[in-house]
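Have a look at the structure below, then the notes.
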Amino acid sequence: MLPNGQKSSDIRKPLKDDPRPKRVISAYTLYVAEKLSVCMKEHGLTNSEAMKKCGAVWSSMTEPEKSPFLEKNRADKERYNREKEEFDTKGYFTLPDGKKSFEVKNSPAKRPKRSKS
């Protein structure tokens, strides 16, 4: 039993500040991030039903229809490779705002989220 009658599930571990580059976002994930909320609102579906619908639509899409998401994925791969190469050689990488990744780790502010565009 924890102090003050707390359950172990009530205590959350602090998130680790990881100085490594964030992973590449897949084209499918980019598609779902853009279309999921629209699908839920227009069709009145639950989250799981909307995900199934998005998956079915993605599977039936042609390459030209997928191309905007594939292009965003390629740009994100380039970002990741650039950051990873810099991290492997220097031990840090430079964020878009000019700060170094380890400076963000030691500062109280969180790392800014990447834009979805």
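Read-outs: derived from the displayed coordinates by stated rules, not from any lab. Values in this document were obtained by computation on a predicted structure and should not be read as measured data. Cβ sites come from the backbone with ideal geometry, for glycine too, and all protein chains shown count toward neighbours.
For PHE93, the residues whose amide H sits under 5 Å from its own are SER101, PHE102, ignoring neighbours fewer than 5 places away on the same chain, with H placed 1.01 Å from N. Extension gain, LYS100 to LEU36, is 19.7 nm, computed as 0.36 nm per intervening residue step minus the present C-alpha separation. The simple spin-label model puts a point 7 Å past each Cα toward its Cβ; for GLU85 and GLU65 those points are separated by 3.6 nm. Using the Cβ-Cβ distance between LYS52 and ARG23 with R0 set to 25 Å, the FRET efficiency from 1/(1 + (r/R0)^6) comes to roughly 0.55.
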